[in-house]
1. Got a number for carbon plus sulfur as a percent of the chain's accessible area, 1.4 Å probe?
2. Where q = 0.15 Å⁻¹, what log10 of I(q)/I(0) comes from the Debye formula for segment 79-132, counting one point per Cα?
3. Report the Cα-based extents of segment 265-324 along its three principal axes, largest first, to the nearest Å.
4. For Thr323 and Phe454 in the same chain, what is the full-extension length gain: residue separation times 0.36 nm, less their Cα-Cα distance, in nm?
5. Using only the alpha-carbon atoms, how far is helix 4-17 inclined from the longest principal axis of the chain? Give it as 0 to 90 degrees, nearest 10.
6. Please compute the modelled spin-label separation between Leu91 and Ala60, points set 7 Å along Cα→Cβ, answer in nm with one decimal.
7. Let's see if you can work this out: charge +1 on each Lys and Arg Cβ, -1 on each Asp and Glu Cβ, no other charges. What is the dipole magnitude of the chain about its Cα centre, in debye to the nearest 20?
8. Cβ neighbours within 10 Å, averaged per peptide: list 143-151, 278-286, 186-194, 311-319 in order, most packed at the top.
Amino acid sequence: MLTKELESNTKVIDADLRVNESFDLIKREIVINNHKSALYCVDGFVKDGLLMKTIMSMTAITEDSYFKDAKTFSEHCVPYFEVSIEKEPKLIIQNILCGVSVLIIDGFDEAILMDMRTYPQRQTSEPDDDKVMRGSKDGFVETMISNVALIRRRIRDVNFTVKPFFVSNCSKSDVAVCYMDNKVDKKLLKNIIERIKHVNTDSLAMNQQSLIEAIYPKKWYNPFPKIKYTERPDSAAANLLKGNIVILVDNSPSALILPTSIFDITEEADDYYFPPITGSYLRVARILITISALLITPVWLLMLQNPQLVPEVFSFTLVTENTSIPIFWQLILLEVTIDGLRLAALNTPNSLSGTLGIIGAIALSEFSVSAGWFNTETILYMAFVTIASFSQPNYELGYCIKFLRVMILILTMLLNIWGFIAGIILTLVLLITNKTVSGKSYLYPLIPFNGKAFLRKVLRFR
């Protein structure tokens, strides 16, 4: 039976924590040298063996002078290094829910917090969506502390700093802001930290996306991404060493990198795992392919609408036979169809993925041409666009290019040459008016122009 003093100390915690209503919230009453105590932890979040050894060590204590206060007891009787003292009940409950083991001893005004956390996680492996031909094959997992360790392994520098935060009112999600203290933009860092501290949301239901939308509300009409996502610890470490800021969110296997320009988003790890000339070629090829993915179908539609302006050398691109469906609507239908196949692939069990690929190939091959739905040329150009969208790993940029391409297609169909020109101008306006989270130009070092910096962004010299 607990003493009245200890019972009053644990009453608030028991009521707010609702220990008796959740089977995984454990309250264990123990006696340490004739002193009644209560231990709180979450089943599945604690290292059982380590906690058991710590309890056995404490219950073997016979010296009564150590029970003066929580600080004295923790210094002499708790054989563990991640130990702290806390008095505020709300913070004690928050730590318990995060997986920290809490010990409350009769007569102490403060609780003893022992961080013996362990979280269920999958094995570290190469990310499926961020692979490289060379380089390390490890990737982030859903446990934030493991992700911090993967970065710390690569940056053994005292300037590497990780600041933890609790975000949202209900979920109290763990968020870590990582930076190099000697290289980071202090003004931007302060701004980001203040925004995170003042996030007012019930929960980060969608992890990183919820956090970014809370701290940096985005203009819906500008599809260009301002944040770069990476599942690779080496990419995160490389960006930290450049002076960028990396944000990690618990339960998310990727990191947020900011500030980010359009040239940063088109970079990938393979650019640095090959010799400079090869890395430069890969980077330039990726940029050209991305531009081609934006323009190839609108330019083709413009050529079909104005065959008299097409040079003789490109006359083979013109469609001469009659089509059941106008070319414009064929392109729009294929844009939606390809997205449908992509969504189906995400929701298809691995055992049936081969079948889906066969069905998709049949649906968009000679059968669709024979049925009169599509022309061979339309399928060819859309196949190039689809393959080109996978030339860079950033999904946000891929869909941004898609939305802009459809916009240019619609304007070209409605206004012909002037519509095509208007679409290009609108795209450039969206690029030029977009800003990074630090408030700088999204096109730097192209606008404002910095020759040396621009060459380093486009080409790799070392």
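1. Looking at the chain in its full context, I get 60 percent from C and S.
2. Each listed q maps to, in turn, -0.54.
3. That works out to 49, 24, 16 Å along the principal axes.
4. Full-extension gain reported as 42.6 nm.
5. Approximately 10 degrees, to the nearest 10.
6. It is 3.3 nm.
7. Dipole of the chain, to the nearest 20 debye: 1660 debye.
8. 143-151, 278-286, 186-194, 311-319
The values are calculated or read from the model by the stated rules, or taken from the named source; none is laboratory data. As the structure is a computational prediction, the values presented were derived from the model and not from experiment. In this analysis, Cβ positions are derived from the backbone assuming ideal geometry, glycine residues included, and neighbour counts consider all displayed protein chains. Note: accessible area is taken over every heavy atom of the protein model, side chains too, but ligands, DNA and RNA are not part of it. Shrake-Rupley method; radii C 1.70, N 1.55, O 1.52, S 1.80 Å.
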